[in-house]
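Scroll down for the structure; my scribbles are underneath it.
None of the figures in this text is laboratory data; all of them are computed from the coordinates on show. Please read these numbers as outputs of a predicted model, since none were measured by experiment. Cβ atoms come from the backbone with ideal geometry, glycine included; neighbour counts cover every protein chain shown.
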Amino acid sequence: MAGIGFQLKHLFKDNSFLGKIRAFTFSSIVIAGPMVLCITLMTLSEYVLELMDTPYYEKEMFLGGTLYSFVFSQLLTGGFTMLLSRYLADQIYQEQQDNILSSLYGILAINLMLGGAAGIIFYSFSPLPIFFKIFSYVFYIELIIIWLLSIYISAIKKYLQIIVGFSVGAAISSLLILLGFTWLGINSSTGIFICLDIGFFVIVMYFFKSIKEHFPKNNLRYFDFLTYLEKYPSLFLVGLFYSLGLYGHSFIVWGGDLKTIISSTFVMAPIYDTPVFYAYLTILPAIVMFVVAVETSFYDEYKNYYSLILGQSSLNDIKDAQAKMFSILSREFAWIMEFQLFFTICSIAIGTKLLPLSTDQVDIFNIITVGNYFFIMMFIIIQILLYFDDRKGAAFVITSYCLANILLTIITSKIETYGLSCFLAGFIGLVLALKRISYYSKNFNYYTFCSLPIMVKQEKLFITKVVQKLNLLNGVGGSYETKE
């Protein structure tokens, strides 16, 4: 999120109370805005279905269609998120921006082929109405495209455009839903999906237009970014296991005693899924605070330290810069932990009274909220490790968390202690993350100056060879250096 750094620093120059409020409001809107808009839109849709006395099975169909679209679109694109971010950052830094638009076409082709085929197979065995399947499938495809386009919009640091795009699309969908409700009497999940499809299509076109304006040239190297799977496989694993860590435990519960099958198609566990959703929302403050801390405090010291290394600075200056960098990092991380802990306690105290949850759901919400506190602290440390290019350490931590969460969910589901797995896995993940960052900081000089090989052996691996052949078919060539 480095692109919002300038705006945040400008806002935080105002040390007044109102100035701080404006700065935190801006950062919250940029970071959490798209999610809040989507949640608001889904809530409005469900509310309209409720007002129209829509049959219960229609509301269940809508819930299943939206849940599956969001979850599986994010799972499909999750592994590519950090990999693409690294690829785009490298292309911009190396001034090879002609590769960017072609990579967008390539990643869209791969994900739409895989995701599209999976969606067709899934709905082929479903007895749901044909028009519901068509328009919910379109919604799922649009989400895949939007998640990928958002990575490219972030790469060109147009974060406010993300908010504008989601706002315009959500406003159009909301208007269509309300007009359909008041004038046409739409009371079906299919009708709601049609309204959503139109609004989200506007988001897709707005994002694509912004990217095309910034990167107008297509050099036909559609799959060059795939060489980063060989160069930085750990980044793909971090993104993949992050997504699996978020949803893997839910899949296990869906296969247990709490499962509900809607129209012989959607397998869910609403008793479990609802408190999980509310608990997930409680980590948003930590995400906002982390971006604010990085952009306003840590990044300047981080940049200064590495500029001293690359320049002609004395050893004492480098040591002082290193000490200051880690001092600020420790201070900011401690502040984020305290702030999020306060918010977690408030969420448990207030949420149990205000949220529409049963007694059993409150218990699940409470324990997962604490588990998510551990999880988000762990993930913040993972982001810090990636700042220092400790990709293997980051991959180890998130993989351990994901596997622990899945295995513990299998165990705890058998004794019906739902949510305990998220708590235990989050604690394990945070301990491993703290141990890794502690080890890395103690050996920081080694990793900075001595860990890279003196000579790099260049070899063409399988993916690189395939990409080169594809480029030759398009009339372009190229050579690549691959290493981990």
| request: Could you line up 249, 214 from fewest to most neighbouring Cβ atoms inside 10 Å? | output: 214, 249
| task | Report ³J(HN,Hα) in whole Hz for each residue of segment 274-279, in order, from the Karplus equation J = 6.51 cos²θ - 1.76 cosθ + 1.60 where θ = phi - 60°; Gly and Pro get x. | result | 5, x, 4, 4, 5, 5
| Just in segment 195-231: which trypsin sites (Lys or Arg not before Pro) are loop by DSSP and have at most 16 other Cβ atoms within 10 Å? | 217
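Using only helices, what value at 222 nm comes out for the chain when you add -39,500 (n - 2.57) per DSSP H run of length 4 or more and divide by the total residues, to the nearest 500 deg cm²/dmol? Present the calculation step by step, with values, prior to reporting the outcome.
Details: 18 runs with 376 residues, N = 484.
Helices in the chain give a 222 nm mean residue ellipticity of -27000 deg cm²/dmol.
Rounded, prolate or oblate: pick one for segment 139-269, where a ≥ b ≥ c are the square roots of the eigenvalues of its C-alpha gyration tensor, a/c under 1.5 means rounded, and failing that, prolate if a/b is larger than b/c, else oblate.
Note, shape of segment 139-269 comes out oblate.
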| field | With Cα atoms, 0 to 90° folded angle of helix 17-51 axis to the chain main axis | value | 30 degrees
| request: Relative to the longest principal axis of the C-alpha atoms of the chain, give the angle of the C-alpha long axis of helix 391-414, reported between 0 and 90° and rounded to the nearest 10°. | output: 30 degrees
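In what sequence do 183, 254 fall when counting other Cβ within 10 Å, fewest first? Working shown, then result.
Working: 183 8, 254 18.
Neighbour counts put them in this order, fewest first: 183, 254.
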| Where does the Debye-calculated log10 I(q)/I(0) of the chain sit at q = 0.07, 0.10 Å⁻¹, using only Cα point scatterers of equal weight, no solvent? | -0.40, -0.86
| note | Applied in sequence order to segment 321-335, the curve 6.51 cos²θ - 1.76 cosθ + 1.60 (Karplus, θ = phi - 60°) yields integer Hz couplings, x standing for Gly and Pro, of 5, 5, 4, 5, 4, 6, 5, 5, 4, 5, 4, 5, 5, 4, 5
| request: Would you tally the net charge around residue 279, using a Cβ to Cβ cut-off of less than 12 Å, leaving residue 279 out, and scoring K and R as +1, D and E as -1? | output: -2
| request: May I ask you to work out the translational diffusion coefficient for segment 40-176 at 37 °C, viscosity 0.692 mPa s, via Stokes-Einstein with Rh from the Kirkwood sum over Cα pairs, reported in whole µm²/s? | output: 195 µm²/s
| said: Rounded, prolate or oblate for segment 233-452? Axes are the square roots of the Cα gyration tensor eigenvalues, ordered a ≥ b ≥ c, and the cut-off for rounded is a/c under 1.5. | reply: prolate
| What's the angle, to the nearest 10 degrees (0 to 90), between helix 359-387's Cα axis and the longest principal axis of the chain? | 30 degrees
| said: Between residue 337 and residue 212, what is the label-point separation in nm under the 7 Å Cα-to-beta-carbon projection? | reply: 5.0 nm
| remark: For the pair residue 171 and residue 251, the simple spin-label estimate (label points 7 Å beyond Cα toward Cβ) gives in nm 3.9 nm
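About the Cα centre, and with charges only on the beta carbon of Lys, Arg (+1) and Asp, Glu (-1), how big is the dipole of the chain? Nearest 20 debye, please. Let's see the in-between values first.
Numbers: 31 positive and 31 negative charges, 219 e Å.
Computed charge dipole of the chain: roughly 1040 debye.
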